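Working notes, structure below.
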Amino acid sequence: MQSYMLLPLYLLVLLVYVIISLIDMWKSYTASSNSSDFLFFILTLVALFAGFLLAPILSLLFHWKRNRLKRNIGLVLFFILIIAYIVRFFIS
């Protein structure tokens, strides 16, 4: 499979991760009325439209101490991005 075909799939996976994180942030805020959860929700929502690459990082930070599985998924997605840029740098 060509690398240019994997980019839209990767971005779709990142978008799904961010949307799931937004849902978790909203559920956490409505359950506890914690202002930091609401702040993460608003910042991630703004970052989703303003600069998409910041939104997964905010989602990862939100899940850092809350959900181990989602934190690990975020780390894997982040490392895939870093490895892809390194490989692309050395290939071209």
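The values are calculated or read from the model by the stated rules, or taken from the named source; none is laboratory data. Model, not experiment: these values are computed from the prediction. All Cβ positions, glycine included, derive from the backbone under ideal geometry; neighbour counts span all protein chains shown.
Which is farther than 22 Å from Leu75 by Cβ and of a type outside the set (D, E, K, R), of Ser59, Ser32?
Numbers: Ser59 fails: farther than 22 Å from Leu75 by Cβ.
Among Ser59, Ser32, only Ser32 is farther than 22 Å from Leu75 by Cβ and of a type outside the set (D, E, K, R).
Scan the stretch 46-59 residue by residue and report those that are surrounded by fewer than 20 Cβ atoms within 10 Å (Cβ to Cβ) and among the aliphatic types (A, V, I, L, M). Before you say what the answer is, go through the steps one by one.
In the first step, residues of the stretch 46-59 are kept if they are surrounded by fewer than 20 Cβ atoms within 10 Å (Cβ to Cβ); the result is 46-54, 57.
Once the filter is applied, which keeps residues that are surrounded by fewer than 20 Cβ atoms within 10 Å (Cβ to Cβ) and among the aliphatic types (A, V, I, L, M), the stretch 46-59 yields Val46, Ala47, Leu48, Ala50, Leu53, Leu54, Ile57.
Residue under question is Thr30, and the condition is that it be modelled with pLDDT of 90 or more, farther than 30 Å from Ile91 by Cβ, surrounded by 14 or more Cβ atoms within 10 Å (Cβ to Cβ) and β-branched (Val, Ile, Thr); does it hold? So that I can check it myself, show each step before the final result.
Values: modelled with pLDDT of 90 or more: yes; farther than 30 Å from Ile91 by Cβ: yes; surrounded by 14 or more Cβ atoms within 10 Å (Cβ to Cβ): no; β-branched (Val, Ile, Thr): yes.
Spelling it out, it is not the case that Thr30 is modelled with pLDDT of 90 or more, farther than 30 Å from Ile91 by Cβ, surrounded by 14 or more Cβ atoms within 10 Å (Cβ to Cβ) and β-branched (Val, Ile, Thr).
Mind checking which residues of the stretch 67-92 are at pLDDT 85 or above and surrounded by 13 or more Cβ atoms within 10 Å (Cβ to Cβ)?
Asn67, Lys70, Arg71, Ile73, Gly74, Leu75, Leu77, Phe78, Ile80
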